[in-house]
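I have placed the structure first, in the form of structure tokens, so that the comments after it can refer back to it.
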């Protein structure tokens, strides 16, 4: 019996693994991997939006109060224009 002249099975497996790694790397660097984490942390403040419009459960608090709440997130909004003290904060 003659030995085949095609691509070896090892080459095919290595190419498949390399392709999977490449897809994962592209997904990480383009931000596609973070889609499943519902993103309070991903919200960027909008100074043209009220706290309630950003998220109905958010309230206007001082930055210190918001930072004292474990796991709380905050963004800027039009409720506190130009203020470095007040932010929209998770309850």
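With respect to residue 21, determine if the residue is modelled with pLDDT of 65 or more and surrounded by 11 or more Cβ atoms within 10 Å (Cβ to Cβ).
Details: modelled with pLDDT of 65 or more: yes; surrounded by 11 or more Cβ atoms within 10 Å (Cβ to Cβ): no.
The answer is no for residue 21.
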Task: Any hit, region 68-85, residues being modelled with pLDDT of 80 or more and buried (at least 16 other Cβ atoms within 10 Å of the Cβ) - done: yes
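The values are calculated or read from the model by the stated rules, or taken from the named source; none is laboratory data. No experiment lies behind these values; they were computed from the predicted model shown. We place every Cβ from the backbone using ideal geometry, glycine too, and count neighbours over all the protein chains shown.
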